[in-house]
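What follows is a short report on a single structure.
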Amino acid sequence: MGKQKGVIESKLKETRVFYPSIEFSQKANVDADEYERLKRWSETDWEGFWRYFALKKIDWFKRFDEVFDGSNPPFYKFFVGGKLNVSYNCLDRHVRSWRKNKAAIIWESESGETQVLTYQQLYIEVNKFASVLRTLGVKKGDRVLIYMPMIPEAAIAMLACARIGAIHSVVFGGFSSEALKDRIEDAKPKVIVTADGGFRNGKAVPLKSNVDEAMERVEHRVSYVVVVRHIDRDIHMKPLRDFWYQDLMGDPDYAQIYCEPEHVDSEDPLFILYTSGSTGKPKGIVHSSAGYLLWTMLTMKWVFDIKDEDTFWCTADIGWITGHSYGVYGPLALGATTVMYEGVPTYPTPAKWWELVEKHSINILYTAPTAIRALMRLGNDWVLKHDLSSLRLLGTVGEPINPEAWMWYYQIVGNEKAPIVDTWWQTETGGHMITTVPGAQFTKPGSAGKPLPGIFAEVVDMGGNPINDPDKGGLLVITKPWPSMLRGVWGDDKKYIDVYWARFKDKGYYFAGDGARKDEDGYFWIMGRVDDVLNVSGHRIGTMEVESALVSHEYVAEAAVVGRPDEITGEAIVAFVVLKEGVDKSRHDELVRELRDHVGREIGPIAKPSEIIFTDALPKTRSGKIMRRLLKDIAAGRKIEQDISTLEDVSVLEKLSELRDKLREEMNKGENGNSG
Ligand code: WTA
């Protein structure tokens with residue numbers, strides 16, 4: 001006991017606690033009293049809590065009959081029998097209010113070009129594109145694949161799908177044609193919406209040509225490809241299949257200015273979004289309409305404290321869940337102003353983001369720790385040159401934030417006046433799960449905080465028993481269903497059960513795949529993935545996906561991929577590769593380049609290993625399992641202290657140990673990973 005107490009005391013001394021200012025709390029949407037009330041309400045009258053908010057926040061065409069149907073776990077349903085339309089909730093209700101001429105989307109490019117769409121303008125564009133899609137034969141339940149740069153048309157396409165009840169599947173513009181091909185084959189879209197290209201780091205990125213390449217190799221027949229003219233380059237357009245977006249939108253036969261919104265069921269899928277898991281293929285995470293919409297709205301209001309006068313900027317690409325929930329649906333459903341930036345943080349200058357904050361007077365900034373660390377490294381001057389006094393709230397997502405980066409964000413970016421919300425959630429959870437509510441709770445750098453009202457999370461041992469020792473880590477689980485939870489894996493119920501529910505079947509817990517620790521205040525400290533998923537720059541990358549990309553190369557016999565800690569990207573990808581007999585190893589650098597490019601082509605630049613190490617064999621247990629923990633230690637340049645009695649071939653270990661020193665040398669050179 002005595003020892004334990006000592007540990008806690010020293011931890012308290014280490015961890016500083018930050019309270020929001022009185023001004024912030026007084027004006028906040030949720031203060032401490034309201035927070036306690038919400039929390040108690042969700043604990044004592046769970047259904048009543050959700051009923052109240054669903055009725056209050058969503059405009060229904062038909063009210064739901066039942067809040068929750070848990071009769072067939074884990075296939076849970078919320079707001080059963082209700083009819084609504086998500087685009088109606090994001091647009092129609094605002095254009096009938098004073099918000100009609102309020103900015104909905106403010107877009108800016110790297111070159112500083114801007115475009116503002118008011119709610120009325122966005123409403124017209126979405127109606128027009130929805131009627132274009134209908135004219136092209138897209139019906140409720142059909143899939144539409146969106147492969148776009150960060151331009152307003154991407155959001156327009158998403159909302160247009162929602163309007164006609166089509167299910168969108170947005171594929172990150174940085175993914176390769178191969179990744180696109182897999183996603184086309186899985187979701188079988190009727191139409192693909194893309195652009196001639198996008199801009200990134202001053203360079204034009206081809207998108208349409210990736211679509212063409214993917215289409216050449218898929219069996220599924222996509223009826224039409226709609227192409228937004230954006231970078232104005234000559235591209236190939238296949239007659240009768242490919243159409244320019246601008247042509248269709250200018251043709252009154254296709255694009256009508258009103259398109260009747262489909263009345264969809266609460267549980268009808270709104271979208272599919274692919275994410276990496278611990279298998280070789282990404283999973284199509286399915287989200288519902290009503291539950292998802294409700295939670296993006298509530299978290300916008302509670303966690304981001306959004307007010308009508310705010311300009312909100314979520315820096316995530318629309319191809320990720322963060323871009324879906326907090327770039328598009330959450331802000332628009334609440335009638336907020338959302339900023340969209342097409343480009344990287346450091347182009348044309350390292351001050352680009354701060355220029356944006358100043359120029360658009362951004363009030364709330366939501367980004368990833370990896371970006372914060374990268375910008376921090378460039379020095380304070382870039383930040384301090386700009387007037388960032390508009391910022392009143394900061395947020396992070398995607399990976400644990402190290403206290404040093406937290407403090408920099410707090411002091412240099414937020415000028416010690418903007419609280420930070422560190423939001424833990426996942427593609428699967430639809431919206432924030434564990435975080436502080438900024439006007440109600442104190443923050444601790446490095447801890448996400450507590451489960452939000454309505455969310456029930458625990459840290460448990462392998463048997464599902466809660467761990468109450470604040471110094472012991474365990475597995476993070478969600479113990480009760482929640483409205484914005486995934487509804488399944490597209491076309492694969494078994495995977496849905498196996499990945500998320502099988503581990504704690506008896507308890508009915510959702511297994512998040514993360515390790516965590518819960519401290520003496522009930523604050524959660526997320527420790528990272530416990531499965532074979534890496535977190536590189538806040539992006540989830542399955543080691544198996546990279547491994548299968550590597551072994552698909554003609555030179556590769558075997559590959560094992562692990563992560564090693566990286567100062568900027570959080571984790572970096574290290575691949576151990578066994579080459580096939582006869583491959584000329586003297587071409588070392590060339591081989592490395594070739595394999596990295598190959599992974600780039602197979603998945604996308606974000607999955608390129610930052611390190612490739614050639615070895616004669618991989619360390620395996622007697623049963624033939626690759627000893628990943630060992631490889632991890634080697635990749636990180638750590639001393640190997642593990643039990644090696646299960647090692648089949650100890651000499652392999654010795655060989656690999658030699659590599660460790662080489663690695664350490666290279667790490668010291670300051671080489672960091674590939675943030676895409
Ligand atoms: C990690 C992104 C620590 C975690 C919304 C999770 C975090 C995975 C945090 C989901 C955070 C996300 N602190 N780790 N605040 N937020 N993660 O699906 O490992 O791209 O399981 O969703 O990112 O990544 P995804």
Q: Pick out, from the range 114-189, the strands (runs of 3 or more DSSP E) lying fully within it that include 3 or more residues that are under 18 Å from the mean Cα position of the chain (by Cα).
A: 143-147, 167-170
**Q.** Test: Met340 is assigned by TED's automatic domain parsing to the domain that holds Ala440 and part of a strand (DSSP E or B)
**A.** yes
Q: Can you confirm whether the range 369-390 contains a residue that is in contact with a Ser or Thr (Cβ under 6 Å, 6 or more places away or on another chain), surrounded by 21 or more Cβ atoms within 10 Å (Cβ to Cβ) and outside the structural domain of Glu567 (by TED's automatic domain parsing)?
A: yes
Q: Select from the range 494-521 the residues that are in contact with a Lys or Arg (Cβ under 9 Å, 6 or more places away or on another chain) and outside any strand (DSSP E or B) and list them in ascending order.
A: Lys495, Tyr496, Ile497, Val499, Gly508, Tyr509, Asp519, Glu520, Asp521
Q) Restricting attention to the range 407-434, and to residues there that are within 11 Å of the ligand (Cβ to nearest atom) and part of a helix (DSSP H, G or I), which single residue is nearest to the chain's Cα centre (by Cα)? A) Thr427
Q: Test each condition in (1) open to solvent by 10 Å² or more (accessible area, probe 1.4 Å); (2) touching a Gly at 6+ places or on another chain (Cβ under 9 Å); (3) under 18 Å from Arg628 (Cβ atoms) for Pro565 and report the one that comes out false.
A: (2)
Q. When you look at Pro466, is it within 16 Å of Asp514 (Cα to Cα), without any contact (Cβ under 8 Å) to a residue 40 or more places away in the chain and in the same structural domain as Gly430 (by TED's automatic domain parsing), yes or no?
A. yes
Q. Residue check: is Thr315 within 16 Å of the ligand (Cβ to nearest atom), more than 26 Å from Gly488 (Cβ to Cβ) and hydroxyl-bearing (Ser, Thr, Tyr)?
A. yes
Q: Taking Met150 as the residue in question, decide whether it is touching a strand residue (DSSP E or B) at 6+ places or on another chain (Cβ under 6 Å), open to solvent by 10 Å² or more (accessible area, probe 1.4 Å) and not charged (D, E, K, R).
A: yes
(Q) Any residue in the range 103-121 that is under 18 Å from Thr315 (Cβ atoms) sitting within a Cβ distance under 6 Å of a residue that is acidic (Asp, Glu)? List the pairs, counting only those 6 or more apart or interchain. (A) Ser109/Glu342; Thr114/Glu108
Q: Filter the range 378-406 for residues that are within 16 Å of the ligand (Cβ to nearest atom), over 23 Å from Ala512 (Cβ atoms) and acidic (Asp, Glu) and give the result.
A: Glu404
Q: Determine if the range 545-554 includes at least one residue that is away from the ligand (no atom under 16 Å from the Cβ), open to solvent by 40 Å² or more (accessible area, probe 1.4 Å), closer than 14 Å to Gly280 by Cβ and not in a loop (DSSP other than H, G, I, E, B).
A: yes
**Q.** Selection count where residues are of a type in the set (D, E, K, R) and farther than 27 Å from Trp501 by Cβ, scope the range 30-79
**A.** 11
Q) Taking the condition exposed (fewer than 13 other Cβ atoms within 10 Å of the Cβ), farther than 26 Å from Thr443 by Cα and either within 29 Å of the chain's Cα centre (by Cα) or at pLDDT 95 or above (or both), does Asp33 pass? A) no
Q. So how many residues does the range 324-348 have that are within 14 Å of the ligand (Cβ to nearest atom) and free of Cβ contacts under 8 Å to residues at least 40 places away in the same chain?
A. 0
Q. How about the range 346-384: which of its residues are in a helix (DSSP H, G or I) and of a type in the set (S, T, N, Q)?
A. Thr370
(Q) For the list (1) basic (Lys, Arg); (2) assigned to a strand (DSSP E or B); (3) more than 16 Å from the ligand (Cβ to nearest atom), I need the number of the one condition that Arg540 fails. (A) (3)
Q) For the range 601-619, how many residues are surrounded by fewer than 20 Cβ atoms within 10 Å (Cβ to Cβ) and under 24 Å from the mean Cα position of the chain (by Cα)? A) 2
Q) When you go through (1) within 15 Å of the ligand (Cβ to nearest atom); (2) surrounded by fewer than 22 Cβ atoms within 10 Å (Cβ to Cβ); (3) within 13 Å of Gly522 (Cα to Cα) one by one for Pro445, which number turns out not to apply? A) (3)
Q) Just wondering, is there one or more residues in the range 446-460 that are of a type in the set (Phe, Trp, Tyr), in a strand (DSSP E or B) and under 30 Å from Asn29 (Cα atoms)? A) no
Q | Test result for Thr311, within 20 Å of Ala154 (Cβ to Cβ), of a type outside the set (Asp, Glu) and touching a helix residue (DSSP H, G or I) at 6+ places or on another chain (Cβ under 7 Å) | A | yes
Q | Considering residues of the range 258-280 that are among the β-branched types (Val, Ile, Thr) and within 16 Å of the ligand (Cβ to nearest atom) only, the residue nearest to Phe78 (Cα to Cα) | A | Ile272
Q. Within the range 515-538, can you find the residues that are in contact with a strand residue (DSSP E or B) (Cβ under 9 Å, 6 or more places away or on another chain) and closer than 16 Å to Asp471 by Cβ?
A. Gly515, Ala516, Arg517, Lys518, Asp519, Asp521, Gly522, Tyr523, Phe524, Trp525, Ile526, Met527
Q.
If Met527 meets every condition in (1) surrounded by fewer than 17 Cβ atoms within 10 Å (Cβ to Cβ); (2) away from the ligand (no atom under 12 Å from the Cβ) apart from one, which number is that one?
A. (2)
Q | Test for Thr311: is it assigned by TED's automatic domain parsing to the domain that holds Thr370 and open to solvent by 10 Å² or more (accessible area, probe 1.4 Å) | A | yes
(Q) Any residue that is within 20 Å of the chain's Cα centre (by Cα), in the same structural domain as Ile151 (by TED's automatic domain parsing), open to solvent by less than 10 Å² (accessible area, probe 1.4 Å) and not acidic (Asp, Glu) - is there at least one of those in the range 251-259? (A) no
Q | Count of residues meeting criterion [open to solvent by less than 30 Å² (accessible area, probe 1.4 Å) and at pLDDT below 95] in the range 180-207 | A | 0
Q.
Every residue in the range 53-84 that is among the β-branched types (Val, Ile, Thr) and in a strand (DSSP E or B), please.
A. Val67, Val80
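The values are calculated or read from the model by the stated rules, or taken from the named source; none is laboratory data. Because the structure is predicted, anything quoted here is derived from the model rather than measured. Neighbour counts are summed over all protein chains in view; Cβ atoms, including those assigned to glycine, are modelled from backbone coordinates with ideal geometry. SASA here: full protein model, heavy atoms, side chains in, ligands and nucleic acids out. Shrake-Rupley method; radii C 1.70, N 1.55, O 1.52, S 1.80 Å.
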